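*Asks:* For reference, the structure I am asking about is given below.
The values are calculated or read from the model by the stated rules, or taken from the named source; none is laboratory data. Quick caveat, the model's predicted, so the values are computed rather than measured. With ideal geometry, Cβ positions are generated from the backbone for all residues, glycine too; neighbour counts draw on all protein chains shown.
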Amino acid sequence: MRVLALELTAFRNYAALRFEPPEGACIFVGANAQGKSNLLEALALLSTGKSFRTSREADLVATGAPAASVSARVRTRHGEVVAQCVISRAGEGARKRFFRQGRAVRYGDFLGGVNAVTFMPYDLQLVGGPAALRRRLINTALSQSSKRYYHDLAVYAKILAQKNALLRAPTVDRALLDTYDDQLAPVGARLVAERASYVRRLGAEASDVHARWVGASPALTIRYDPAPPIADEAPAAIETGLRAAFVRMRPAELARRGSLVGPHRDDVSLSLDGEALSRFGSQGQQRTAVLALKAAEYALLQRATGEAPLLLLDDVLSELDDDRRRAFLESIGSFDQAFITATDPPVMPPGASASLIAVISGALHLSHEVAS
């Protein structure tokens with residue numbers, strides 16, 4: 001997969017930009033607040049439909065502008081795709097519209113056209129950070145490769161919001177609460193089944209990558225921890241377990257006025273030789289595990305879609321020492337195109353082509369190729 005042209009209008013600090021990225025790696029360098037991360041944010045928006053930096057989508061629109069536009073022409077194995085996202089101010093917030101080949105499409109139909117794996121400094125908290133961060137990794141990966149998963153995730157979120165609103169009400173209609181649980185059980189079971197399969201494959205891939213870097217010991221293990229726990233990954237068995245958990249947790253949910261069981265409470269644990277990485281791993285061990293996890297995410301998405309996704313590295317290489325930086329880049333050596341922000345040009349793997357692009361106040365200046 002390769003971006004042939006990227007166009008921005010009133011997006012962040014870019015009043016207007018048309019950029020035709022060269023092949024290989026594009027390394028954006030420049031001082032802070034010049035617009036390096038904004039470029040990767042725009043590309044991620046065309047992949048996931050969401051910003052990886054903010055939940056306030058109005059912030060994406062340049063000051064004083066009514067709307068912003070991000071569009072790209074991308075070559076995929078199925079042919080060229082023109083993807084566009086328009087963010088319009090709406091009161092204190094914003095609304096987004098998505099287009100494919102110039103035609104308006106729903107968000108669910110927009111996903112999967114441009115696939116990307118994003119790695120930013122915050123991802124280094126995947127080990128010890130909140131469970132929501134690990135769930136987001138799984139949801140983003142599966143939503144790009146499976147429209148059914150995204151649909152189930154959206155349905156589950158809608159029903160869950162309705163259930164939580166009911167639990168917070170002064171008077172709770174028990175029959176309606178039963179209805180919501182009946183609706184959550186089958187869709188939640190499908191989500192759990194998909195996640196269990198994905199994490200098993202992710203763990204195997206990450207473990208192999210980790211072993212290539214540091215040897216067979218300490219061994220990296222990644223385990224899916226659903227709520228409630230499951231013994232059988234068949235959706236029917238998971239649904240039975242969810243229904244029983246809903247009944248068992250009903251008094252606690254009423255007391256705490258919130259939903260306490262289901263895929264929204266899932267987590268993923270990482271360990272080295274059986275010891276919890278978040279508690280016993282050094283900072284270096286935790287970073288190496290995260291690198292292996294992101295390399296595995298990239299490999300699985302490539303297999304699921306049949307082509308290399310875009311690789312978006314937002315100032316993460318500067319957070320790594322030379323050995324980890326080199327090991328990670330070599331493990332992703334098959335990328336068709338990568339976009340990297342950095343304060344200093346990184347040393348690229350042997351044979352990888354890279355172009356250095358200076359970013360100054362929302363303007364791009366192609367400097368030269370970076371030697372590997």
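*Asks:* Kindly provide the set of residues from the range 51-69 that are buried (at least 20 other Cβ atoms within 10 Å of the Cβ) and within 27 Å of ILE332 (Cα to Cα), ordered by number.
*Replies:* Scanning the range 51-69 gives a single hit, PHE52.
*Asks:* Let me ask something additional. For residues that are buried (at least 17 other Cβ atoms within 10 Å of the Cβ) and polar (S, T, N, Q), scanning just the range 14-50, find the one that is farthest from ARG75 (Cα to Cα).
*Replies:* Looking at the filtered set, the residue picked out is GLN34.
*Asks:* Would you check if there is a residue in the range 260-273 being on the phi > 0 side of the Ramachandran plot, assigned by TED's automatic domain parsing to the domain that holds GLY128, surrounded by 13 or more Cβ atoms within 10 Å (Cβ to Cβ) and in a loop (DSSP other than H, G, I, E, B)?
*Replies:* For the range 260-273, residues on the phi > 0 side of the Ramachandran plot, assigned by TED's automatic domain parsing to the domain that holds GLY128, surrounded by 13 or more Cβ atoms within 10 Å (Cβ to Cβ) and in a loop (DSSP other than H, G, I, E, B): present.
*Asks:* Only one of ALA65, ALA104, ALA83 is under 22 Å from the mean Cα position of the chain (by Cα), at pLDDT 95 or above and at negative phi; which?
*Replies:* ALA83
*Asks:* Please state which one of LEU142, LEU133 is within 14 Å of the chain's Cα centre (by Cα) and under 21 Å from ALA308 (Cα atoms).
*Replies:* Result: LEU142 is the single residue among LEU142, LEU133 that is within 14 Å of the chain's Cα centre (by Cα) and under 21 Å from ALA308 (Cα atoms).
*Asks:* Across the range 278-328, which residue is surrounded by the fewest Cβ atoms within 10 Å (Cβ to Cβ) among those that are among the acidic types (Asp, Glu) and not in a helix (DSSP H, G or I)?
*Replies:* Result: ASP321.
*Asks:* Has the range 187-195 got any residue that is out of contact with any Ser or Thr (no Cβ under 6 Å at 6 or more places or on another chain), closer than 30 Å to ASP273 by Cβ and outside any helix (DSSP H, G or I)?
*Replies:* Scanning the range 187-195, I find no residue that is out of contact with any Ser or Thr (no Cβ under 6 Å at 6 or more places or on another chain), closer than 30 Å to ASP273 by Cβ and outside any helix (DSSP H, G or I), so the answer is no.
*Asks:* Mind listing whichever residues of the range 329-344 are in a loop (DSSP other than H, G, I, E, B) and under 15 Å from GLY24 (Cβ atoms)?
*Replies:* Scanning the range 329-344 gives ILE332, GLY333, SER334, PHE335, ASP336.
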